[in-house]
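Just below is one structure, and these are the notes that go with it.
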Amino acid sequence: MMFYKIAVCITFLYLVGCNTTKVQQVEQQIELEQLLNHSLFNKLDTPSEYSIFELPNAEKETFLAYAEKQKQSEIRHDRIIYNYLESNLANFKYHGDTLTSAQALKLSQGNCISLAVLTQSYAQALGLETSFQEVTSQPVYAKENNVVYVASHFRTRVYAPKVEKKDDNIVEFFRASTLIDYFPTRRSFYSSSADYNDLVSKFYSNLAATALADKQLDIAYSLILQANKYTPNDPELFNIAGILHRRAGDLQSAKNIYQTALSNNEISINLISNYQLLAKKLGDKELVKELTSQLVNKEKDPYELLVIAKNDLQAGHAHQAKAHLEQAITKAPYIAELYLELAKVRYQQGNIKQTQTLLEKAIELERDNQKIDVYQAKLLSLQMDK
């Protein structure tokens, strides 16, 4: 099965009168769209919000017919969606692409965002409300053309229709719901709540990252603008926009984007890491030092540990690099590049046997055939030196 066992959560909401709200004057923050150098890019068409969730007519008819039969058996509406997904998508495969509902159905594959999108489509067909949870887990990392993909893990809560009970001025809503989680082999822990806007924004920003990797800067720019309509304060959008301007050669705008994000306290490790890379390119040693300090004090994911380990190795701190890489491998034993970097460290430390073992593991895990050829050449060189 591709889903965890569903968790049914029952919630009671009590609404008593109205609270008095204090009006506070908040300093207006500079928004991302104001920081983009629009003269560098051409705005292109992007998928419409409607097209993301549109189901093929035949699929919608099939689902609604299934739902009617389930309702006759008095199956709760939110459970109908889970039952349908479980019975019809058992062979669905994980793939890093972010797809619309129609694409995911046609290809029978996609990532967690794709499945959250598909679940939302079925919920809309039944008129059901949803919310989302972003979770920390063993995320899928891939690095292509110097762009790091971090597959955000979303899960969907589908709510049953409201049941109202009125008692004087207290209104009680009985809200049963079904929590649908995808790809059960990945341990997941609740991180933060998310809503429909977060899901749509993540769809567009994932496509923007793919466009950046393919050096399609106008497409990336257009998708960033689209995502920004839904989550204007998302640090990852600032991060992608900074990379976009760096790729376009406008380093000053990139710096301004990153610095504004930090000033607005819209911070992520990816943003700090890319800002650090830009600071090195600008030759700003003080800024590099400041950002390095921020990285050290943040909770690390495997890619972040990889970046820090590379910095350690360049600075001649092989022991620290080894510790960071081993920590990263514990968190994400499926990333080939971690084993390659650790092999470099062990080679510097004179441990040839472990260097060979680590290279063999990197070859086993690597998806890129060109990289596999490089790893095999390194391994062969070590074997010939014996």
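The values are calculated or read from the model by the stated rules, or taken from the named source; none is laboratory data. Remember, predicted model here, so these are calculated numbers, not experimental data. In this analysis, Cβ positions are derived from the backbone assuming ideal geometry, glycine residues included, and neighbour counts consider all displayed protein chains. Note: areas computed on protein heavy atoms with side chains; ligands, DNA, RNA excluded. Shrake-Rupley method; radii C 1.70, N 1.55, O 1.52, S 1.80 Å.
Laid out as a table, the results:
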read-out	value
Efficiency of FRET from Cβ geometry, LYS229 and LEU251, R₀ 35 Å, rounded to 0.05	0.85
Positive-pole candidate from LEU379, PRO333, GLN314, dipole of segment 302-385, charges at beta carbon	GLN314
Under 5 Å, built H, 5+ apart or other chain: amide partners of ALA176	THR11, ALA160
Computed lengthening from SER48 to LEU365, 0.36 nm per intervening residue step minus Cα-Cα distance	110.5 nm
Extension gain (nm, one decimal) between GLN216 and SER87, 0.36 nm per residue minus Cα-Cα	42.6 nm
Modelled FRET efficiency - R0 51 Å, THR357 with GLU61, Cβ distances, 0.05 increments	0.40
Environment charge at LEU313 (Cβ cut-off 11 Å; Lys +1, Arg +1, Asp -1, Glu -1)	+1
Point-charge dipole on Cβ atoms (K/R +1, D/E -1) for segment 196-298, about Cα centre, debye to 20	280
Relative packing of 261-272, 70-81, which averages over residues the other C-beta atoms within 10 Å, highest first	261-272, 70-81
Neighbourhood charge, 12 Å Cβ-Cβ cut-off, centred on ALA248 and excluding it, Lys, Arg +1 and Asp, Glu -1	+1
Virtual spin-label span in nm between SER381 and LEU107, 7 Å along Cα→Cβ	3.6
Distance in nm between pseudo-label sites at ASP284 and HIS95 (7 Å out along the Cβ direction from Cα)	4.1
Environment charge at LEU223 (Cβ cut-off 15 Å; Lys +1, Arg +1, Asp -1, Glu -1)	-3
Extension gain from TYR334 to ARG76, taking 0.36 nm per residue of separation minus the Cα-Cα distance	89.0 nm
Out-of-range pairs (alpha-carbon distance over 31 Å; input LYS43/LYS310; LYS202/LYS285; LYS215/LYS280; LYS229/LYS310; LYS106/LYS162)	LYS43/LYS310; LYS202/LYS285; LYS229/LYS310; LYS106/LYS162
Accessible area per residue, Å², segment 302-385 with all protein chains present, probe 1.4 Å	54
